[in-house]
1. Take G382 and decide whether it is in a strand (DSSP E or B), in contact (Cβ under 8 Å) with a residue 24 or more places away in the chain, more than 30 Å from T134 (Cα to Cα) and among the small types (G, A, S).
2. Specify the residue that is most open to solvent (accessible area, probe 1.4 Å); the eligible residues are those in the stretch 233-271 that are farther than 21 Å from L337 by Cβ, within 16 Å of ligand 3 (Cβ to nearest atom) and not polar (S, T, N, Q).
3. Could you tell me whether any residue of the stretch 416-433 is within 16 Å of ligand 1 (Cβ to nearest atom) and touching a Gly at 6+ places or on another chain (Cβ under 8 Å)?
4. So, A421, is that one of a type in the set (G, A, S), assigned to a loop (DSSP other than H, G, I, E, B), out of contact with any Cys (no Cβ under 8 Å at 6 or more places or on another chain) and within 16 Å of ligand 3 (Cβ to nearest atom) or not?
5. Checking Q72 against (1) touching a strand residue (DSSP E or B) at 6+ places or on another chain (Cβ under 8 Å); (2) farther than 21 Å from A50 by Cα, which test does it fail?
6. I'd like to verify a number: residues in the stretch 283-316 that are touching a helix residue (DSSP H, G or I) at 6+ places or on another chain (Cβ under 6 Å), open to solvent by less than 10 Å² (accessible area, probe 1.4 Å) and not hydroxyl-bearing (S, T, Y), how many?
7. Quick one: would you say I457 is farther than 16 Å from K258 by Cβ and within 15 Å of ligand 3 (Cβ to nearest atom)?
8. Here is a list of conditions, (1) away from ligand 1 (no atom under 16 Å from the Cβ); (2) surrounded by fewer than 16 Cβ atoms within 10 Å (Cβ to Cβ); (3) not acidic (D, E), and N386 meets all of them except one; can you say which number that is?
Amino acid sequence: MTLTLAQTPPKTTNCDALLVAVRPKGRTVEVASRGLTAALTKAVTDATGALGATGKSGEVTKIGGLSGFNAQMIVAVGLGDPKAQDDLEAIRRAYGNAIRALGGLKKVAILADPQPAHLQATAMGAQLAAYSFTAFKSKTDPKSAPPASIVLLLSGPGTAAQKLAVAEVNIISSAVDLTRDLVNTPPNALPPIALAAAAKKAVTGLPVTVTIWDERALKRAGCGGILGVGQGSVNPPRLVKMVYAPRGAKAHLAIVGKGITFDTGGISIKPAKNMDEMKGDMAGAAAVISAVQAIAALGLKVKVTGWVPTAENMPSGTAQRPGDVITMHNGMTVEVLNTDAEGRLVLGDALALAAKEKPTLIIDVATLTGAQRVALGSRTAGVMSNDDAARAQVCAAAEAGGEAMWPMPLPDDLLATLDSATADIANIGDGFGGMLSAGVFLKQFIPDGQPWVHLDIAGPAFNDKAPYGYTPKGGTGAAVRTFVQVAKGLAAG
Ligand code: BES
Ligand code: ZN
Ligand code: ZN
């Protein structure tokens with residue numbers, strides 16, 4: 001679905017619903033959107049107030065057949081405290097809530113705030129909320145389908161800044177939706193080979209070259225981590241490299257995403273409860289694929305290399321055993337004490353490969369540890385780094401993109417918990433600070449002086465609860481918007 005700008009007056013716009021922003025005022029509400037006549041402003045204020053609306057953030061009030069409008073319905077969208085009017089995430093969530101409440105409608109118009117940053121937040125919230133995943137349903141309920149078209153009403157023809165803001169939203173939101181689709185796709189429909197094919201398909205028509213390593217190539221490259229994790233499955237592992245190298249790029253961003261298409265835990269098998277959610281263990285890979293797509297489509301002047309190590313972690317007669325020792329791409333030997341700590345094994349190879357090119361910055365993203373959810377909850381990603389400035393840069397990009405991410409340390413003392421009696425390192429620590437010891441493990445594959453940031457999105461990648469704001473149930477598209485913001489920052493120099 002693409003979202004468009006239009007110049008028709010709100011009064012005469014034909015649509016199923018016209019969204020008008022409201023805020024609290026005293027015990028009732030005031031209309032925050034501009035562009036209505038005094039009489040229509042009063043009509044909306046009175047009708048909204050009469051229905052008991054308070055204008056609080058996230059409130060959605062539907063008013064059917066208000067006279068004076070061609071719209072079938074007026075929807076008052078609560079924006080909350082007027083003092084918080086520049087809270088862009090509150091705007092995204094408010095319009096996300098509204099769009100989710102309007103399933104089954106064809107055409108929705110929004111009387112939008114024309115200021116470009118506000119307009120962009122409005123568009124982003126609306127677009128990201130207009131998502132559904134029906135690829136595997138033989139029948140769908142038209143009453144729950146997201147709106148087919150969303151139009152932002154402006155009083156003028158649309159300035160260059162307004163047009164750019166909306167064009168960006170269309171590119172970025174479709175990349176977020178691609179990540180959601182890939183995460184939601186059942187694991188039998190998305191083995192590693194299919195994920196690699198999806199990476200290729202995601203960038204067709206864009207100036208991105210894609211290379212795919214098969215098992216022979218992985219063996220030649222000495223990728224013992226990817227091969228070890230993948231050896232238990234009939235669906236063989238792959239490594240995908242995506243390169244976007246526009247003319248004039250000064251910085252080089254490498255992004256690396258964990259692509260476990262299904263994580264049973266392997267021989268260290270997981271409990272049955274909620275194991276289906278492990279179809280989302282490739283959410284990092286999906287975010288990398290989608291971010292490369294978005295950055296190339298936006299034409300940002302920064303070189304980006306995407307790395308996607310992908311495997312299916314299965315228990316079988318050919319699976320790796322607890323106690324096996326594998327040799328990674330950088331020559332390090334790893335004792336696999338727990339086959340369920342597999343993400344760090346595939347990432348270790350990919351990080352070592354990515355680092356050889358000495359990029360300006362490496363960021364990896366992974367649904368890496370249950371400990372991330374224990375520490376930060378289901379909605380906030382952990383951000384770890386070997387470089388304070390790089391960690392701050394990524395946290396700021398997340399904030400700008402509207403994603404919850406929080407800095408976490410990588411204490412050196414945790415390295416000792418990864419000691420192995422047999423190999424250079426073990427793949428699990430002592431169980432305390434599990435998110436951090438996973439990060440410390442990954443750090444061993446980053447050469448000194450190479451700036452690197454690790455994002456653990458185990459919680460934020462998958463929403464197993466009810467939808468909220470613009471976030472649907474299932475795959476959320478976590479990290480895509482942050483990557484785009486980081487790339488924008490690097491392109492700006
Ligand atoms: N994919 C899981 C982490 C995960 C858990 C993601 C829950 C999303 C939701 C990862 O491969 C894993 O199993 N990690 C283990 C590591 C442990 C064995 C050191 C964990 O967190 O329990
Ligand atoms: Zn695992
Ligand atoms: Zn995993």
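The values are calculated or read from the model by the stated rules, or taken from the named source; none is laboratory data. A quick note: this is a predicted structure, and the numbers were derived from the prediction, not measured. Positions of Cβ are generated from backbone atoms using ideal geometry, with glycine treated the same way; all protein chains shown enter the neighbour counts. With ligands, DNA and RNA removed, areas are computed over all heavy atoms of the protein, side chains included. Shrake-Rupley method; radii C 1.70, N 1.55, O 1.52, S 1.80 Å.
1. So G382 fits the description; yes.
2. F262
3. Taking every residue of the stretch 416-433 in turn, at least one turns out to be within 16 Å of ligand 1 (Cβ to nearest atom) and touching a Gly at 6+ places or on another chain (Cβ under 8 Å).
4. Numbers: of a type in the set (G, A, S): yes; assigned to a loop (DSSP other than H, G, I, E, B): yes; out of contact with any Cys (no Cβ under 8 Å at 6 or more places or on another chain): yes; within 16 Å of ligand 3 (Cβ to nearest atom): no.
When the stated conditions are applied, A421 does not pass them.
5. Of everything listed in (1) touching a strand residue (DSSP E or B) at 6+ places or on another chain (Cβ under 8 Å); (2) farther than 21 Å from A50 by Cα, Q72 misses just condition (2).
6. Residues flagged as touching a helix residue (DSSP H, G or I) at 6+ places or on another chain (Cβ under 6 Å), open to solvent by less than 10 Å² (accessible area, probe 1.4 Å) and not hydroxyl-bearing (S, T, Y) within the stretch 283-316 amount to 15.
7. no
8. Condition (2) is where N386 drops out.
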